[in-house]
Amino acid sequence: MKRLTTFILAAAMMFGSSACGGQAQEGAAQVTAPPATVEPAAEEPAVVTASISTAESVASAIPTSVEPLSLPEAVDGWQDSYLAFLDDNYDIFAALWPEGMTGVGFVDLDLDGTPEMIVFDQGASATLGAQLFDLVDGQVVCVSSTLDSASGAFGDEYFSTVSVCTSYFEAFRLSYTTEDGWCFWVDSANGTLESTWNEIIRFDCEDGVMNPVSVCSRYLESDEETGLVVAESYTVSGQEAQAADYEAAANIYLYGQDSGYEASGVFLWSDNSFDTTYEGFLTLARAAIEAYRPIEAENISAS
């Protein structure tokens with residue numbers, strides 16, 4: 001509980017803008033309401049009742065043993081497929097994000113052997129927006145974005161309503177958990193001095209496609225003058241929940257066995273040769289491919 005409370009207090013002090021994915025554009029994720037990944041209830045929402053103490057939830061979240069991780073081989077030519085996609089769709093990126101993109105990285109989020117592509121936008125505060133792409137049957141598809149309009153631009157066949165706000169490639173953690181075994185997850189978050197939210201997101205592989213899953217989320221509103229929390233809401237698996245059950249769900253990942261693997265990518269400010277032009281964007285992507293670290297036994301420190 002101490003770690004979660006500290007995070008919210010820090011977020012409330014740091015974040016000073018109202019959108020995760022850049023300027024307040026149509027379809028952008030907003031922080032003035034709970035995350036869009038909360039499923040609306042048809043009638044009365046099912047409330048998950050609190051039943052697990054913090055100490056018990058922490059203890060039960062710590063794995064007592066860790067299974068070895070084995071991955072299939074990556075799809076041949078994945079590098080060329082992603083580069084060709086960025087080349088063909090640069091105009092779409094430029095239209096959706098006229099300020100330009102700030103980073104590109106490759107991480108095997110769904111543990112199928114072939115990395116997904118993460119493209120960061122400019123953001124609007126200390127948190128950036130992450131656009132996620134996967135390689136499906138030889139075609140690059142957009143799986144998640146902080147802009148709803150990206151589904152229309154790139155196609156919505158595999159598009160998820162779960163979006164990710166974070167500022168670092170290293171925020172995508174590979175852990176062994178008591179419920180899911182090995183998996184990547186991220187603590188997606190953003191906010192202002194008046195409101196903050198965060199959402200634990202797990203990455204699954206469903207029918208060969210990377211699928212971001214909302215595990216639990218928290219939304220807090222604070223009094224502008226006093227800073228005291230005046231309203232709060234929680235979800236677990238998309239359903240309205242109590243604070244204790246949010247903590248229990250979050251602890252599965254916060255106290256899982258971290259692998260020590262560091263996801264990597266390249267940001268715009270890493271080199272003077274990177275910029276928001278067509279050539280600069282493609283140069284950035286090529287550098288990100290060079291920086292990619294496959295998940296191998298020697299990269300995993302969990303035991």
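Note the full-extension length gain between T161 and S149 as 0.36 nm times their separation in residues minus their Cα-Cα distance, in nm to one decimal. Write down the numbers at each step before the final one.
Working: separation 12, 0.36 × 12 = 4.32 nm, distance 1.15 nm.
That works out to 3.2 nm of additional length.
At an R0 of 35 angstrom, the distance between the Cβ atoms of E296 and E56 translates into a FRET efficiency of 0.45. Computed over protein heavy atoms with a 1.4 angstrom probe, the accessible surface ordering of F85, F133, largest first, is F85, F133. Charge tally for V266 (other residues, Cβ to Cβ under 14 Å; Lys, Arg +1; Asp, Glu -1): -3.
Between segment 261-276 and segment 182-215, the C-alpha centres lie 23 angstrom from each other. Cβ-Cβ distance of T277 and D204, R₀ of 22 Å, FRET efficiency by 1/(1 + (r/R0)^6): the value works out to about 0.05.
Within segment 58-201, what whole-number % of the accessible surface is contributed by carbon and sulfur, with the 1.4 Å probe and all protein chains included in the calculation?
Numbers: 2420 of 5190 Å².
After summing per-atom areas, the C and S share lands at 47 percent.
Of the residues L128, A153, S163, the one whose Cα sits farthest towards the positive end of the charge dipole of segment 109-168 is L128 (charges of +1 on Lys and Arg Cβ, -1 on Asp and Glu Cβ, taken about the Cα centre). Per residue, the convex hull spanned by the alpha carbons of segment 224-303 comes to 226 Å³.
The values are calculated or read from the model by the stated rules, or taken from the named source; none is laboratory data. No experiment lies behind these values; they were computed from the predicted model shown. Using ideal geometry, Cβ is built from the backbone for each residue, glycine included, and neighbour counts are taken over all protein chains shown. The protein model used for the area step is the full one, side chains on, heavy atoms only, and it has no ligands, DNA or RNA in it. Shrake-Rupley method; radii C 1.70, N 1.55, O 1.52, S 1.80 Å.
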